[in-house]
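A short write-up of the structure that comes next.
The values are calculated or read from the model by the stated rules, or taken from the named source; none is laboratory data. Fair warning: this is a prediction, and the values are worked out from it, not measured in the lab. Neighbour counts are summed over all protein chains in view; Cβ atoms, including those assigned to glycine, are modelled from backbone coordinates with ideal geometry. When the accessible area is computed, the model is the full protein with side chains, heavy atoms only, and any ligands, DNA or RNA have been set aside. Shrake-Rupley method; radii C 1.70, N 1.55, O 1.52, S 1.80 Å.
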Amino acid sequence: MSSNASTLDFGGRPTPLRINSRPLWAALLLVALGAWYLDATVGWRQAGLWLTGALLGVALYHASFGFTQAWRVFVSDRRAAGLRGQMLMLAVGVVLFFPILAQGTLFGQPVAGLVSPAGGSVLLGAFLFGIGMQLGGGCASGTLFAVGGGNTRMLVTLLFFIVGSVLGTYTFPWWSTLPALKPTSFVLSWGPLPAIAANLAVFGLIAWIATVLERRRHGRIVSFAGRTERPASLWRGPWPLVWGGVALVALNFATLALAGRPWGITSAFALWGAKAYDALGGDVAQWAYWVKQSKALAAPLREDVTTVMDIGLMLGALAAAAAAGKFAPVWKVPARSLAGAVLGGLLLGFGARLAYGCNIGAYFSGILSGSLHAWLWLPAAFAGSALGVRLRPLFGLAVEKTPAGSC
């Protein structure tokens with residue numbers, strides 16, 4: 001998690017940055033054309049989800065709101081600004097989501113959370129996903145916004161993320177039979193107010209422990225809004241960390257309103273890979289996983305909510321990177337780093353299927369859904385991430401530490 005600016009500037013002097021105009025206009029044109037096409041062929045809700053995805057890409061890029069680097073910096077250096085930012089984001093989210101999910105409708109539309117079985121496959125899958133985060137260089141959302149922002153190494157991570165996802169669907173008959181509790185929602189079991197209170201207490205405890213450990217190591221803490229070399233700008237970035245967290249909650253809520261369920265990412269990767277494998281002569285329709293998902297497999301991709309939002313997210317990140325003058329792809333990637341991207345991508349994809357989601361579908365949206373499986377996912381993924389941090393040097397990957405004096 002990079003440091004973020006603390007001073008917002010919505011109309012002052014322009015920052016001395018050069019906009020990458022061609023990729024910016026290309027991204028904006030594609031976003032506009034995509035919205036028009038989806039509205040004409042699927043409906044206005046799908047067009048709205050496309051635009052929501054694009055805004056998520058902008059928010060993720062400008063706030064550098066990743067999960068991978070935030071966890072890595074805490075593991076390696078006990079810097080906890082990113083972790084505290086996540087807890088604040090989750091706190092705002094449960095206060096907003098839980099009453100709506102308990103009610104079961106939003107603006108007249110039925111809504112439901114992402115609630116999955118909690119058991120052995122979640123623990124194993126999340127642990128593997130955590131390792132993959134550190135080797136691949138990003139989580140699910142981080143991979144997409146990095147690809148959109150022009151990170152060419154992350155293209156390799158994304159490709160093997162898709163391959164790993166397909167492998168996860170192939171092994172469904174094995175991992176789906178591992179011991180597990182039935183899907184459990186704290187919102188429905190306890191009621192919204194007790195569930196909110198319990199979640200806020202846990203978020204506060206995690207933030208307090210992280211702060212104590214950071215202060216013990218460094219004698220002071222990094223605030224949510226660390227210094228950067230220039231003021232923040234709504235359009236050109238960078239954003240304060242807290243702005244990114246609040247924006248992600250708001251856009252996740254928009255997803256709930258439009259799609260009837262919270263934001264997810266990785267189910268689309270499995271779908272893309274399955275369709276590609278079919279196009280090459282395979283037959284995934286007979287796999288147990290795809291028998292249960294036959295409707296999604298048969299439908300065109302434009303009808304898949306997660307696909308539409310994922311592609312929109314990458315275009316939004318491209319627009320944000322170009323507006324910030326930072327779109328500059330570098331095509332040469334060292335061999336060891338490339339190997340890390342391959343292995344990391346496979347672990348990300350395979351782990352996400354076993355765990356019923358990634359850092360978005362299982363962690364962020366899972367906790368906002370009140371799902372028990374999300375609370376298994378978090379410690380298992382963090383443990384895997386800690387191991388992944390130790391493995392990064394084997395692949396020539398840095399384990400950065402927060403620069404001194406950045407508090």
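The rows are residues; the columns are (1) open to solvent by 30 Å² or more (accessible area, probe 1.4 Å); (2) at pLDDT 95 or above; (3) touching a strand residue (DSSP E or B) at 6+ places or on another chain (Cβ under 9 Å).
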site	(1), (2), (3)
Phe269	no, yes, no
Tyr277	yes, yes, no
Gly281	yes, no, no
Gln293	yes, no, no
Arg302	yes, yes, no
Leu313	no, yes, no
Ala328	yes, no, no
Pro334	yes, no, no
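This table checks each residue for (1) in a helix (DSSP H, G or I); (2) within 17 Å of Val31 (Cα to Cα).
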residue: Lys295; (1), (2): yes, no
residue: Arg302; (1), (2): yes, yes
residue: Thr306; (1), (2): yes, yes
residue: Leu315; (1), (2): yes, yes
residue: Ala322; (1), (2): yes, yes
residue: Lys326; (1), (2): no, no
residue: Lys332; (1), (2): no, no
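Against the numbered list (1) assigned to a helix (DSSP H, G or I); (2) on the phi > 0 side of the Ramachandran plot, Tyr356 comes up short only at (1). Taking every residue in segment 132-148 that is hydroxyl-bearing (Ser, Thr, Tyr) and pairing it with any residue that is open to solvent by 10 Å² or more (accessible area, probe 1.4 Å) and modelled with pLDDT of 85 or more, at least 6 positions away or on another chain, the pairs with Cβ-Cβ distances below 8 Å are Thr143/Gly137; Thr143/Leu158. Annotation note: of Arg79, Arg22, the sole residue that is assigned to a loop (DSSP other than H, G, I, E, B) and at pLDDT 90 or above is Arg79.
Which of the residues belonging to segment 167-203 are assigned to a helix (DSSP H, G or I), of a type in the set (A, V, I, L, M, F, W, C) and more than 19 Å from Ala102 (Cα to Cα)? Of everything in segment 167-203, those that are assigned to a helix (DSSP H, G or I), of a type in the set (A, V, I, L, M, F, W, C) and more than 19 Å from Ala102 (Cα to Cα) turn out to be Leu167, Phe172, Trp174, Trp175, Ala201, Val202, Phe203.
Answer yes or no: is there a residue in segment 140-155 that is open to solvent by less than 10 Å² (accessible area, probe 1.4 Å) and at pLDDT 90 or above. The answer is yes, given that some residue of segment 140-155 is open to solvent by less than 10 Å² (accessible area, probe 1.4 Å) and at pLDDT 90 or above.
Within segment 92-106, does at least one residue satisfy the condition of being more than 22 Å from Trp377 (Cβ to Cβ), out of contact with any Phe, Trp or Tyr (no Cβ under 7 Å at 6 or more places or on another chain), free of Cβ contacts under 8 Å to residues at least 12 places away in the same chain and not in a helix (DSSP H, G or I)? Yes; the residues of segment 92-106 include at least one that is more than 22 Å from Trp377 (Cβ to Cβ), out of contact with any Phe, Trp or Tyr (no Cβ under 7 Å at 6 or more places or on another chain), free of Cβ contacts under 8 Å to residues at least 12 places away in the same chain and not in a helix (DSSP H, G or I).
Filtered by the rule that a residue be out of contact with any Phe, Trp or Tyr (no Cβ under 8 Å at 6 or more places or on another chain), touching a residue at least 60 places away in the same chain (Cβ under 8 Å) and not in a helix (DSSP H, G or I), segment 245-292 gives Gly260, Arg261, Gly264, Ile265.
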